[in-house]
Structures are given as C-alpha cells and as structure tokens.
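Peer 1: Please see the structure below; I have some questions.
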Amino acid sequence: MASTDSTTPLPFATLNGVSRLSALEAVRARIALAVDLGLLAPGDRLPGTAQIASGLGVGEITVRRALVSLCTDGVLERRRGRNGGTHVAENPTHGTVAGAEAYRSDSAAVHRLIDHRLALECGIAHLASAHASQDDLSELQDLVDEMDQMPSWAEFHGCDERFHLRLAQATGIPSITTPYGAVLRELYRYYLPYPMEALRESNTEHRRLVDALRRKDAAEAGEVARQHVEVLHSTMFVGLMNAD
C-alpha cells in the first residue's frame, strides 16, 4: 500500500458524527445499519472475527465486544454446532444502536466525498490508460481475479482498496496517490457489510476497467471509472436510506 499522510483531514469531513464514535461504537453501528438496511439479511452468517477486524480496520478484541453486545441487543445471535457462528437474528431488532445515527447524520459529507473521489478517479483512469505498464496491468488483473474468489465482504474490502491504490500508482505520477488515498480511506470509514452478489457486480467493473487500460482506451476507462464511483450515491447507505 502506498504511503499516505492519513492524519491530514479533508476540509469537508472534519468534526463529523462518525469521527466522534469509538472503535467499538463504529463497529456496532456499521453492522447494525447494514441489518437495518437489509444488506445483511436474517440468518446471514457473519465472517470470522479476524476477517471482520481486517475488513473494518479495527482490532479483534473490539470486534468480539461489538458482536457480543449486538447479540445482547437482539441484532445478532450466536449459534452452536456444525453451522454455528454469529448470524443475523431471525427477527433482528432495528434502530436500537445509537451510533448508527452518526452515519445517517453524515450523509451530506459522504455525498461530497463520493463527488471528490469521482473527479479524482476519472482522471486516474484516463492517465493510467496511457501510462500503465505490463506489470501494472498484471497486478491489477491479479487483484480482480482475487476479488472474484473472496468469500465475504470482509475479505473483499481490503482487496478492493489495494486495487484502487494500485490503479493510482499505474498513472506513473506518485503525487496522485496521496490525495486519492486520503479520499478513499475517508470514504471507506463509511463502508458497510454488503451482499457478495453486489460486490461481485462491482468487480465486473474492475475487470472492464483493466480491459480498457490494456487497450489504452482512455475514453472507455474514464467512463467505467465514472460509472463505478457515481453509482455510490445510490448504492451506499446514503442512497439506501433515501430509498426507504
């Protein structure tokens, strides 16, 4: 992963609701909000603790505490036996996790983050179409293939981040990676668990983008990048809440 000064705040994302949540509250809120929005359905089995911790960028102890508390709240339930583990409750409680409201209150900032990423990503795709080397294309293709094999949202998330940062590096302009990485990571703070069918559809766009880069088709690369990011306005929780 490229080195990025992640301590530099973005001007429109400071002092927001999510930044005031503890790591435990944020994990609770992200999972509970995914259940509230139907991204996690009743009976769905959650990934293992280590995978969730990696996917959400927190420690395993934090995840364990969050899962236990969400079971107490009636959002999740523990099952024993061959198909055991932590699952979404068959009749989960909704709207009981106070921290989820912090995500809802940040909706305007999230829309601006999406637009900021959109402007950067289209330019990155255009530049990468002209400058990507065979090594760049090979590594991007490997990441696309890897994402197709990911078993859950938790593992997919980290690979997705590596893909997009690698795409920025493929422009051959090192100074691009820092501002792009800052926007990407700020937006990823709002990442929720998503159904794998939606993530695999997203990965088809990654594949189309790599194909466009291989053909050095700047127009197609920019258009795929535009579609890939612009759709976040409706598919991230900010769009799903408005659809309710």
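Peer 1: So if each residue of separation counts as 0.36 nm, and I subtract the Cα-Cα distance between A130 and A23, what length gain in nm does that give?
Peer 2: Length gained between A130 and A23: 34.4 nm.
Peer 1: What does the C-alpha gyration tensor say about the overall shape of the stretch 105-144? Classify as rounded when a/c is under 1.5, otherwise prolate if a/b is larger than b/c, or oblate.
Peer 2: Here the stretch 105-144 falls in the oblate category.
Peer 1: With the Cα gyration tensor of the stretch 34-80 in hand, convert its eigenvalues to equivalent ellipsoid semi-axes via √(5λ) and list them largest first in whole Å.
Peer 2: 17, 13, 10
Peer 1: From the backbone phi of the stretch 227-239, what are the Karplus-calculated ³J(HN,Hα) couplings (6.51 cos²θ - 1.76 cosθ + 1.60, θ = phi - 60°) in whole Hz, Gly and Pro given as x?
Peer 2: 4, 4, 8, 4, 5, 4, 4, 9, 9, 6, 4, 5, x
Peer 1: To continue, here is another question. Compute a Gaussian network model of the chain, connecting alpha carbons closer than 10 Å, and tell me which residue from G59, G99, G123 fluctuates the most.
Peer 2: Of G59, G99, G123, the Gaussian network model singles out G59 as fluctuating most.
Peer 1: A further question on this structure: For the stretch 18-99, just say rounded, prolate or oblate: build the C-alpha gyration tensor, square-root its eigenvalues into a ≥ b ≥ c, call rounded for a/c under 1.5, and beyond that prolate if a/b exceeds b/c, oblate if not. It would help to have the intermediate numbers written out before the result.
Peer 2: Working: a/c = 1.82, a/b = 1.20, b/c = 1.51.
Oblate, since a/c reaches 1.5 and b/c is not below a/b.
Peer 1: In addition: When the Karplus curve 6.51 cos²θ - 1.76 cosθ + 1.60 is applied with θ = phi - 60°, which whole-Hz ³J(HN,Hα) does each residue of the stretch 28-45 get, with x for Gly and Pro?
Peer 2: 4, 5, 5, 6, 5, 5, 4, 5, 4, 8, x, 6, 10, 9, x, x, 4, 8
Peer 1: For a quick check, take a GNM of the chain with Cα springs below 10 Å and name the residue from V35, V110, V97 with the largest mean-square fluctuation.
Peer 2: V97
Peer 1: What net charge do the residues around N83 carry, taking every other residue with its C-beta under 14 Å from that of N83, with Lys and Arg at +1 and Asp and Glu at -1?
Peer 2: +2
Peer 1: Another question, if that's okay. Determine, from the Cβ-Cβ distance of H94 and S138 and an R0 of 35 Å, the FRET efficiency 1/(1 + (r/R0)^6), rounded to the nearest 0.05.
Peer 2: 0.15
Peer 1: On to the next question. Could you calculate, for the stretch 106-243, the ratio of the Cα radius of gyration to the Kirkwood radius, expressed as Rg to Rh?
Peer 2: 0.94
Peer 1: Going through the stretch 44-115, which GluC sites (Glu not before Pro) have at most 12 other Cβ atoms within 10 Å and a DSSP loop state? The partial results should precede the final answer.
Peer 2: Numbers: sites: E60, E77, E90, E101; in loops: E90.
Hits after loop and neighbour filter: E90.
Peer 1: Could you tell me whether the chain comes out rounded, prolate or oblate from its Cα gyration tensor? Rule is a ≥ b ≥ c as square roots of the eigenvalues, rounded for a/c under 1.5, then prolate if a/b exceeds b/c, otherwise oblate. Don't skip to the end; give the middle numbers.
Peer 2: On the way: a/c = 2.03, a/b = 1.62, b/c = 1.25.
Prolate.
Where a number appears in this text, it was derived from the coordinates with a stated rule and is not lab data. Since this is a predicted model, take the numbers as computed values, not measurements. Cβ coordinates were reconstructed from backbone atoms using ideal geometry, including for glycine residues, and neighbour counts include every protein chain displayed.
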